[in-house]
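A.B. asks: I'd like to ask some things about the structure below.
The values are calculated or read from the model by the stated rules, or taken from the named source; none is laboratory data. Fair warning: this is a prediction, and the values are worked out from it, not measured in the lab. Note that each Cβ is placed from the backbone with ideal geometry, even for glycine, and that neighbours are counted across all protein chains shown.
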Amino acid sequence: MNRVILIKYGELSTKKGNRNFFINTLHRSVVSKLKNYNVSIHKDRARMTVMFDDKDLDDIKSIIDKIFGIHTYHIATVCESEDTSIQETLLEVIRKETFNTFKIDVRRSNKNFPIHSQDYNRVLGGLLLKNIDGIKVDVHNPDLWINVEIRDDHTYIYYNSYEGSGGYPVGTQAKGMLMLSGGIDSPVAGYLAMKRGVELEAVYFEAVPHTSLEAREKVVSLCKKLSSYTDKINLHVVNFTPIQESIYKYCRDDYCITIMRRMMYRIMEKIAKKYHGLVIVNGESIGQVASQTLTSMSVINGVTNMPVIRPVACLDKLEIIDIARKIDTYETSILPYEDCCTVFVPRHPVINPKEDICVKEEERFDYMPMLDEAVESLNTIVVTSDDKEYSDIL
C-alpha cells in the first residue's frame, strides 16, 4: 500500500486572486525543508501530498510540524478511485487498528464516481460491520473517524489528524528586523511574526565586557531554534559598548534605559534600511517593565518613522511563557546570562519619560558617529537549525 502525507492549507484557502502565490511559497518551503529526504511532492489548489519512505516518517513529521502555512496534515493510504480498490484498501488498513466505534466520512470531489457520498458512507460502513467483529457505528464520538476522499487522481483513506503550525508561509510578507535579546519575550515575538509570513533577520545588542560571550552564545542558540521554522536567520551582532558607556557616563540615571532604547531604535532603523527590512519587530509587552509603559513606548518610538510590530504586546507573562515552552525557547531564555538591557538597570527608572528631557540628555554626547560605527562594524552570523557549530565565530 502506498502512503502519503496529505497537507491541508487552512487559512491559505481563504485567499482569492493571490492564492497561488501563497501555495507556491508553501511548496518551496516544504521542498527546501525536505531536500535531504527521498520524497515526491505534489501540490494543487486544495491539497499538497508528500510521498515518502516509511523509515523517514517520524523525521519528516517533526519537520512538517514547524512549517508555517500548514493547518493540518494526515498520513493517508492511497488507492485507485474505483469501488473495488477502495473497499479492499479500506479493509486492509482498518483491520490493523483496534477500536470499538467508528464513523465513515466520504467526500466525493470526483463526480464521475458513480455512488453519491452519503450512499457510499452506508456501503463502506456496512463493509466494516460485516467483516470486523465487535464494532459499531457512533457518529458523535467515535474511537475511529475514517475519512475517504475520492478525488480525480486517487482516493485517500485516513483516520489520523496532526495539527500544523498554521499561519502563512515565511516569505509571503516582506522582511522584518527582530530585536533579539536573551530573554523570554523576543524569541516568542519572532516566532509569532514568522507565523504571519514575515521573513526575519535578527539583531542582538551586546556590550562586552559588561555582557558575556555566554550571553551571545545564548542568543545564537535561540536563533537556531527560531531558524527551524524557516531556512536560516541572519543574526547581526551590534557592539553597543561605547554607546552604552557614554549613556551611563553623561545622562541622568533614571533616563538611561529610555535613552538606551532610543539609541537601539535608531540603530535598528539604520540596519533595516541597509538590509531592506520594512519593519522592526520586538518583544515589548505593555507594562511589563519601565521602558514598556505606553508613555515610554511612545517616547522611545519617537526616534524612528519605521513601523514597529510588537506581537506579544497584549499578552501577559504566563501566556508568553506558554508559547516559549511550546517552541522550546524557554529553557534557553532563562539561562543566567545578562544582556545589555538588564546589566545596567538603574534602581529607579523613569516610567513616564518626557521626550524633551530625553533630547536634552542625548545632547550631552555626540552619539551619531557612534551609531554609524555600530552599524558599519556589525558581526553577522548566518544561523541555521542544523548541527553546525558556531564556536569559531563566538
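A.B. asks: On the given criteria, is Tyr37 closer than 21 Å to Ile327 by Cα and either aromatic (Phe, Trp, Tyr) or over 23 Å from the mean Cα position of the chain (by Cα) (or both)? Break it down into steps so the answer makes sense when it comes.
C.D. replies: Values: closer than 21 Å to Ile327 by Cα: no; either aromatic (Phe, Trp, Tyr) or over 23 Å from the mean Cα position of the chain (by Cα) (or both): yes.
When the stated conditions are applied, Tyr37 does not pass them.
A.B. asks: Could you grab me the full set of residues in the range 89-126 that are part of a helix (DSSP H, G or I), closer than 17 Å to Glu149 by Cβ and without any contact (Cβ under 8 Å) to a residue 60 or more places away in the chain?
C.D. replies: Result: Ser117, Gln118, Asp119, Tyr120, Asn121, Val123, Leu124, Gly125.
A.B. asks: Here's a follow-up. Tell me, please, whether a residue that is assigned to a loop (DSSP other than H, G, I, E, B), modelled with pLDDT of 95 or more, of a type in the set (Gly, Ala, Ser) and within 25 Å of Thr380 (Cβ to Cβ) can be found in the range 262-277.
C.D. replies: Start the filter on the range 262-277 by keeping residues that are assigned to a loop (DSSP other than H, G, I, E, B), which leaves 275-277.
In the following step, the residues that additionally are modelled with pLDDT of 95 or more were identified as 275-277.
Still in the list and also of a type in the set (Gly, Ala, Ser): 277.
Keeping just the survivors that are within 25 Å of Thr380 (Cβ to Cβ) gives 277.
Among the residues of the range 262-277, at least one is assigned to a loop (DSSP other than H, G, I, E, B), modelled with pLDDT of 95 or more, of a type in the set (Gly, Ala, Ser) and within 25 Å of Thr380 (Cβ to Cβ), which makes the answer yes.
A.B. asks: From Asp56, Asp65, Asp83, which residue is under 24 Å from Ile150 (Cβ atoms) and of a type in the set (D, E, K, R)?
C.D. replies: Result of the check over Asp56, Asp65, Asp83: Asp83.
A.B. asks: While we're looking at this one, here's another question. Of all residues in the range 41-63, count the ones that are in contact with a Ser or Thr (Cβ under 9 Å, 6 or more places away or on another chain) and either touching a residue at least 12 places away in the same chain (Cβ under 8 Å) or of a type in the set (Lys, Arg) (or both).
C.D. replies: 9
Every residue, every condition in (1) in a helix (DSSP H, G or I); (2) modelled with pLDDT of 95 or more, yes or no:
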{"residue": "Lys16", "(1), (2)": "no, no"}
{"residue": "Asn20", "(1), (2)": "yes, no"}
{"residue": "Arg28", "(1), (2)": "yes, yes"}
{"residue": "Asn38", "(1), (2)": "no, yes"}
{"residue": "Asp58", "(1), (2)": "yes, yes"}
{"residue": "Lys61", "(1), (2)": "yes, yes"}
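A.B. asks: From the list Ser29, Ser81, which one is farther than 30 Å from Gln173 by Cα, of a type in the set (Ser, Thr, Tyr) and in contact (Cβ under 8 Å) with a residue 12 or more places away in the chain?
C.D. replies: Ser81
A.B. asks: Would you say Met306 is part of a helix (DSSP H, G or I), assigned by TED's automatic domain parsing to the domain that holds Val188, closer than 27 Å to Met194 by Cβ and of a type outside the set (Asp, Glu)? Even if it seems obvious, please write down each step before you answer.
C.D. replies: Details: part of a helix (DSSP H, G or I): no; assigned by TED's automatic domain parsing to the domain that holds Val188: yes; closer than 27 Å to Met194 by Cβ: yes; of a type outside the set (Asp, Glu): yes.
It is false that Met306 is part of a helix (DSSP H, G or I), assigned by TED's automatic domain parsing to the domain that holds Val188, closer than 27 Å to Met194 by Cβ and of a type outside the set (Asp, Glu).
A.B. asks: Taking the stated definitions as given, is Asp316 touching a His at 6+ places or on another chain (Cβ under 8 Å) and farther than 26 Å from Leu235 by Cβ?
C.D. replies: no
A.B. asks: Every residue in the range 196-211 that is assigned to a loop (DSSP other than H, G, I, E, B), over 16 Å from Met179 (Cα atoms) and under 25 Å from the mean Cα position of the chain (by Cα), please. Reasoning before the result, please.
C.D. replies: The initial filter retains those residues of the range 196-211 that are assigned to a loop (DSSP other than H, G, I, E, B), namely 197-198, 207-211.
From the residues that got through so far, the ones that are over 16 Å from Met179 (Cα atoms) too are 197, 208-211.
Listed by number, the list holds a single entry, Gly197.
A.B. asks: In the range 322-331, is there at least one residue being at positive phi, modelled with pLDDT of 95 or more and not hydroxyl-bearing (Ser, Thr, Tyr)?
C.D. replies: Filtering the range 322-331 for residues at positive phi gives 328.
Remaining after also requiring modelled with pLDDT of 95 or more: 328.
From what's left, not hydroxyl-bearing (Ser, Thr, Tyr): 328.
Within the range 322-331 (the criterion being at positive phi, modelled with pLDDT of 95 or more and not hydroxyl-bearing (Ser, Thr, Tyr)), the answer is yes, since at least one residue qualifies.
A.B. asks: Within the bounds of the range 212-234, is there any residue that is surrounded by fewer than 17 Cβ atoms within 10 Å (Cβ to Cβ), in a helix (DSSP H, G or I) and of a type in the set (A, V, I, L, M)?
C.D. replies: yes
A.B. asks: Can we say Ser186 is over 29 Å from Asn18 (Cβ atoms) and either surrounded by 15 or more Cβ atoms within 10 Å (Cβ to Cβ) or within 37 Å of the chain's Cα centre (by Cα) (or both)?
C.D. replies: Answer is yes for this residue.
A.B. asks: Looking at the structure I just gave you, is Glu331 under 24 Å from Tyr367 (Cα atoms) and part of a helix (DSSP H, G or I)?
C.D. replies: No.
A.B. asks: Sticking with this one: Kindly list the number of the only condition in (1) more than 17 Å from Leu178 (Cβ to Cβ); (2) crowded, with 21+ Cβ neighbours inside 10 Å; (3) modelled with pLDDT of 95 or more that fails for Tyr250.
C.D. replies: (2)
A.B. asks: Given the structure, is Lys66 part of a loop (DSSP other than H, G, I, E, B), in contact (Cβ under 8 Å) with a residue 40 or more places away in the chain and over 16 Å from Phe22 (Cβ atoms)? Let's see the steps before the verdict.
C.D. replies: Details: part of a loop (DSSP other than H, G, I, E, B): yes; in contact (Cβ under 8 Å) with a residue 40 or more places away in the chain: yes; over 16 Å from Phe22 (Cβ atoms): yes.
Criteria met by Lys66.
A.B. asks: How many residues are surrounded by 19 or more Cβ atoms within 10 Å (Cβ to Cβ) and not hydroxyl-bearing (Ser, Thr, Tyr) when one looks only at the range 79-91?
C.D. replies: Number satisfying all stated conditions: 3.
A.B. asks: If you take the residues of the range 189-206 that are of a type outside the set (A, V, I, L, M, F, W, C) and at negative phi, which of them is surrounded by the fewest Cβ atoms within 10 Å (Cβ to Cβ)?
C.D. replies: Arg196
A.B. asks: Is it true that some residue in the range 174-181 is part of a loop (DSSP other than H, G, I, E, B) and either modelled with pLDDT of 95 or more or under 15 Å from Val279 (Cα atoms) (or both)?
C.D. replies: Within the range 174-181 (the criterion being part of a loop (DSSP other than H, G, I, E, B) and either modelled with pLDDT of 95 or more or under 15 Å from Val279 (Cα atoms) (or both)), the answer is yes, since at least one residue qualifies.
A.B. asks: On the given criteria, is Ser285 assigned to a helix (DSSP H, G or I) and on the phi < 0 side of the Ramachandran plot?
C.D. replies: The answer is no for Ser285.
A.B. asks: Further question on the same structure: Search the range 92-134 for residues being among the polar types (S, T, N, Q) and under 22 Å from Asp153 (Cα atoms), and hand back the single one that is surrounded by the most Cβ atoms within 10 Å (Cβ to Cβ). Spell out the reasoning first.
C.D. replies: Of all residues in the range 92-134, those among the polar types (S, T, N, Q) come to 98, 100-101, 109-110, 112, 117-118, 121, 131.
With under 22 Å from Asp153 (Cα atoms) added as a condition, the list becomes 109-110, 112, 117-118, 121.
Details: Ser109: 12, Asn110: 14, Asn112: 8, Ser117: 14, Gln118: 9, Asn121: 19.
Once the filter is applied, the top-ranked residue is Asn121.
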